[in-house]
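The values are calculated or read from the model by the stated rules, or taken from the named source; none is laboratory data. In this text, all values refer to a predicted model and were calculated from it rather than measured experimentally. All Cβ positions, even for glycine, are placed from backbone atoms using ideal geometry, and neighbour counts span all protein chains on display.
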Number of protein chains: 2
Amino acid sequence: MINSNIIEQIKKYNNIVLAAHVNPDGDAIGACTALALALSKIGKNPVILMDEYPEKYNFLHGREYIHKEYINDEPLELFITLDCGDLERLGDYISYFRKAPITINIDHHITNTKYGHYNEVKKEASSTCEIIYEVIKSCEIPFDDKIASSLYTGIAFDTGGFKHSSTTSFTHEVISDLLKYKVNFTYIMNKLFYSRSLTSSRLLGLALSKIELLENDKLCFCDLSKKEMESLGATIDDVDGIIASMQNIEGVLVSVLIYEKDKNEIKVSFRSVGDKDVSKIAKMFNGGGHKNASGCTINKNLEAVKKEILKKIQEELF
Amino acid sequence: MINSNIIEQIKKYNNIVLAAHVNPDGDAIGACTALALALSKIGKNPVILMDEYPEKYNFLHGREYIHKEYINDEPLELFITLDCGDLERLGDYISYFRKAPITINIDHHITNTKYGHYNEVKKEASSTCEIIYEVIKSCEIPFDDKIASSLYTGIAFDTGGFKHSSTTSFTHEVISDLLKYKVNFTYIMNKLFYSRSLTSSRLLGLALSKIELLENDKLCFCDLSKKEMESLGATIDDVDGIIASMQNIEGVLVSVLIYEKDKNEIKVSFRSVGDKDVSKIAKMFNGGGHKNASGCTINKNLEAVKKEILKKIQEELF
């Protein structure tokens with residue numbers, strides 16, 4: 001159920017801006033494109049403000065509503081934020097938000113600061129797309145193949161392919177409804193979770209070949225030097241997903257991946273399960289994150305970072 | 001909708017044997033355990049005949065009904081086959097099937113030979129577990145956490161985590177209903193699709209490090225010698241999943257993995273997308289499979305097999 005005041009505002013105005021958090025992910029992009037497609041179906045004039053759009057999502061429709069700036073003869077009437085926990089996460093678009101006469105905040109982050117005139121914050125929702133599904137339904141806008149594909153993408157992305165504990169019975173009910181439309185879900189799932197470039201596959205190969213298991217095989221460690229990455233033509237973007245593969249090794253409770261972004265600039269990623277709180281370690285080095293996924297940057301050389309991090313982990317978590 | 005004659009037979013008899021195909025997979029095991037749990041809830045005496053049970057599924061309930069032989073003072077009244085396309089796939093349990101006064105065949109394979117007195121073969125179902133969900137509902141047996149977990153496991157397994165094109169709106173409707181019970185689906189999904197042993201992770205690492213791309217990066221090739229596998233303490237069981245990672249490389253249309261089971265005994269696995277029919281190649285070497293996933297065994301040395309296979313693939317598919 002969506003707050004009826006929100007549905008009323010959406011129905012009332014025509015010039016509507018949608019914006020999500022900076023570095024938009026699958027849920028942010030899915031929610032923006034789905035809502036823009038739906039609003040335009042009922043004669044609205046939606047503009048998505050987004051300053052970068054990852055190539056990976058080029059298969060989605062609704063991208064035609066994306067602009068870097070609000071350029072329109074008519075003034076902006078309603079600003080809707082999507083998947084954006086606080087105002088700072090809007091980046092530069094905060095200035096438009098401040099000028100907007102009416103603002104709506106639709107999100108599922110538990111930490112949401114409820115900064116809108118109207119707020120629909122559902123922490124029990126798997127994703128913002130799951131809420132947008134309800135918004136579109138409440139607005140009585142008919143779904144179609146394009147809207148369904150955007151919503152599917154966002155829900156699949158944020159639930160890790162229906163795997164994360166945020167997935168609920170209602171999540172699958174929504175997906176069941178969306179699959180009544182033509183959604184190329186095999187393609188979407190592959191794109192989101194399985195597809196890797198040749199270079200990043202080779203880097204994953206190198207990483208898995210050199211992992212070390214410590215603490216009775218419960219602690220998985222890997223380091224990648226800039227030289228090693230360069231030898232494969234890889235950049236730090238190719239590191240994506242390596243720590244997940246480390247953490248998937250049977251019996252591993254904590255994984256640590258350290259890689260050299262630059263000389264004396266070492267990125268550290270942590271993953272863990274259950275009670276092993278890796279955010280504690282990240283915070284000791286001015287990093288951040290959650291209990292089971294965190295990270296930090298340390299300005300020392302690779303060997304020194306390895307020594308220091310492993311010592312802390314072994315002291316604090318084992 | 002399940003054929004009412006089948007529901008009638010299930011309600012009528014008490015001493016019921018369930019059996020699936022040899023080398024049971026997640027769907028076969030999920031279907032057998034779910035149905036056994038359900039039948040015992042209405043006072044039946046179910047026996048699952050299964051001669052091996054992969055350790056991976058030790059988290060499921062209903063295993064207590066598994067036996068290698070039918071040992072019971074009362075004679076077997078009804079034999080239900082699950083996920084078993086033809087009688088030969090029952091293995092040694094075919095003798096019990098032949099002795100059974102009444103037989104029911106429940107399956108979703110398009111090739112099912114309808115060998116039972118009663119047959120519920122739904123080729124549009126994602127999995128046998130999806131059909132068993134309907135059977136249990138039609139029998140008016142209430143679901144519970146254990147039954148839901150078995151059915152979830154089978155459906156998730158056979159759909160590749162809701163990714164394969166066999167997944168439908170109804171599949172998600174069933175999952176939505178099952179998640180009203182306590183199903184540890186994060187654990188199940190990890191167990192089915194992500195978890196790897198250290199050795200198999202290292203072997204995957206080696207394989208990804210040495211892949212070759214041919215035919216403008218559309219053909220992905222890898223060979224693993226027995227010596228290489230032994231150097232990591234790996235066996236042919238650890239090869240599982242390597243070909244999927246090869247096929248997930250962006251732009252790859254055909255993948256070929258060859259590995260040395262023994263001297264002059266080379267296993268060949270093929271994967272492809274779209275129109276590239278790799279079953280054609282497998283058949284040339286007395287192998288089998290589907291258009292996009294096939295395999296064969298060739299009794300030559302690794303180098304000779306590599307040469308011969310690549311030549312055929314390049315001639316026939318590129």
Looking only at the range A:94-104, decide whether some residue is surrounded by 22 or more Cβ atoms within 10 Å (Cβ to Cβ), touching a Gly at 6+ places or on another chain (Cβ under 6 Å) and at pLDDT 95 or above. yes
Is one or more of the residues making up the range A:200-215 more than 8 Å from every other protein chain (Cβ to nearest Cβ), at positive phi, surrounded by fewer than 20 Cβ atoms within 10 Å (Cβ to Cβ) and modelled with pLDDT of 95 or more? yes
Condition first: in a helix (DSSP H, G or I), assigned by TED's automatic domain parsing to the domain that holds B:Tyr96, under 20 Å from B:Ala125 (Cα atoms) and within 14 Å of the chain's Cα centre (by Cα). Can you find one or more residues in the range B:6-26 that meet it? yes
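Scanning for something among the polar types (S, T, N, Q), at pLDDT 95 or above and buried (at least 18 other Cβ atoms within 10 Å of the Cβ), does the range A:29-49 turn up at least one residue?
Initially, the range A:29-49 is screened for residues among the polar types (S, T, N, Q), giving A:33, A:40, A:45.
Restricting the remaining residues to those that are at pLDDT 95 or above gives A:33, A:40, A:45.
Filter again for buried (at least 18 other Cβ atoms within 10 Å of the Cβ), leaving A:33.
Within the range A:29-49, one or more residues are among the polar types (S, T, N, Q), at pLDDT 95 or above and buried (at least 18 other Cβ atoms within 10 Å of the Cβ).
Which members of the range B:160-184 meet the condition of being hydroxyl-bearing (Ser, Thr, Tyr) and either touching a Lys or Arg at 6+ places or on another chain (Cβ under 8 Å) or at pLDDT 95 or above (or both)? Walk me through how you get there before you give the answer.
Let us first name the residues in the range B:160-184 that are hydroxyl-bearing (Ser, Thr, Tyr), namely B:165-169, B:171, B:176, B:181.
Answer for the range B:160-184, where residues must be hydroxyl-bearing (Ser, Thr, Tyr) and either touching a Lys or Arg at 6+ places or on another chain (Cβ under 8 Å) or at pLDDT 95 or above (or both): B:Thr167, B:Thr168, B:Ser169, B:Thr171, B:Ser176, B:Tyr181.
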When the range A:93-114 is checked residue by residue, the ones that are within 19 Å of A:Ile16 (Cβ to Cβ) and either acidic (Asp, Glu) or touching a residue at least 12 places away in the same chain (Cβ under 8 Å) (or both) are A:Tyr93, A:Tyr96, A:Phe97, A:Lys99, A:Ala100, A:Pro101, A:Ile102, A:Thr103, A:Ile104, A:Asn105, A:Ile106, A:Asp107
Just a yes or no: is a residue in the range B:47-62 assigned to a strand (DSSP E or B), closer than 27 Å to B:Ile2 by Cα and free of Cβ contacts under 8 Å to residues at least 40 places away in the same chain? yes
All but one of (1) surrounded by 15 or more Cβ atoms within 10 Å (Cβ to Cβ); (2) out of contact with any Pro (no Cβ under 7 Å at 6 or more places or on another chain) hold for B:Glu55; state the number of the condition that does not hold. (1)
Take the residues in the range A:164-196 that are over 20 Å from the mean Cα position of the chain (by Cα) and not in a helix (DSSP H, G or I); name whichever of them is farthest from the other protein chains (Cβ to nearest Cβ). A:Lys182
Is it true that some residue in the range B:220-242 is crowded, with 20+ Cβ neighbours inside 10 Å and among the basic types (Lys, Arg)? no
